[in-house]
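Below you'll find the structure, written out as structure tokens, and then a few comments.
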Amino acid sequence: MVQLKHFEKRILEDALDMGGGYVLNFSDRTFAEFFDDHGITIYQEKYGFNGPSKAKHMRAFIEVEDAFTVCRVLRQLWEHRESIPQYSRADATAQLKTKFFALLDKLESGSEIPRTDAIERFARDQTLDELVASIERDIGANRPAAALDRLHTYCMKKFGHLLDVHGVTWDRAEPLQSRVGSM
């Protein structure tokens, strides 16, 4: 959940040209398609509590989702913005771009606990379950050094598993970079 101050909301409103209920040059269909491409169904009740316009759905999305997801989508929206000729005026865009990306950096470096959903249990293995739980505990307890050490062990196991799945022969004594290079 992203909490923004009024001046920060104005930066996003200006960057995404959200006046009048619009978001950049999107139609309802292309707006839905943009979010579909990012695995998000923007026209659902979860984002419709402010009203039916694209801008209101966008504001709700920013309010509801975590900073990681919001920033990922906002970066893609800026990339889309840069592809639109009417928004490519260098004078106004340079200042807005600086403010926009400074805001994204602030949101991404917030006090939020890092996400661990990419650390999957890829095989039925008790030691793997314990390893993943340990990584999640260390991250949650703000012990990055311990989490990184265990994450290295996780990556060793994951790439060994992937090599086995693809039928590639490998040696257990190989370092991680060799396993990755074998893929």
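The values are calculated or read from the model by the stated rules, or taken from the named source; none is laboratory data. Note that the coordinates shown come from a computational prediction; the quantities given were computed from them, not determined experimentally. Virtual Cβ from ideal backbone geometry, glycine too; neighbours counted across all protein chains shown. The accessibility values were calculated without ligands, DNA or RNA, using every heavy atom of the protein model including side chains. Shrake-Rupley method; radii C 1.70, N 1.55, O 1.52, S 1.80 Å.
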Filter the range 39-68 down to the residues that are assigned to a loop (DSSP other than H, G, I, E, B) and closer than 24 Å to Leu96 by Cα and list them by number. Ser53, Glu65, Asp66
Kindly provide the set of residues from the range 60-75 that are open to solvent by less than 80 Å² (accessible area, probe 1.4 Å) and in contact (Cβ under 8 Å) with a residue 40 or more places away in the chain, ordered by number. Ile62, Val64, Glu65, Asp66, Ala67, Val70, Leu74
Which listed residue, of Phe26, Phe31, Phe35, Phe61, is touching a Phe, Trp or Tyr at 6+ places or on another chain (Cβ under 6 Å) and either modelled with pLDDT of 95 or more or within 20 Å of Ser83 (Cα to Cα) (or both): Phe61
Of all residues in the range 76-99, which are modelled with pLDDT under 85 and either surrounded by 16 or more Cβ atoms within 10 Å (Cβ to Cβ) or of a type in the set (Val, Ile, Thr) (or both)? Tyr87, Thr93
If the Cβ limit is 8 Å and pairs must be 6+ apart or interchain, which residue in the range 100-114 that is open to solvent by 80 Å² or more (accessible area, probe 1.4 Å) and of a type in the set (A, V, I, L, M, F, W, C) pairs with which residue that is modelled with pLDDT under 90 and in a helix (DSSP H, G or I)? Ile113/Ile139; Ile113/Gly140
So, of the residues in the range 133-183 that are assigned to a loop (DSSP other than H, G, I, E, B) and at pLDDT below 90, which turns out to be surrounded by the most Cβ atoms within 10 Å (Cβ to Cβ)? Ser182
Could you list, in sequence order, the residues of the range 32-54 that are surrounded by 19 or more Cβ atoms within 10 Å (Cβ to Cβ), in contact (Cβ under 8 Å) with a residue 24 or more places away in the chain and more than 16 Å from the chain's Cα centre (by Cα)? Lys54
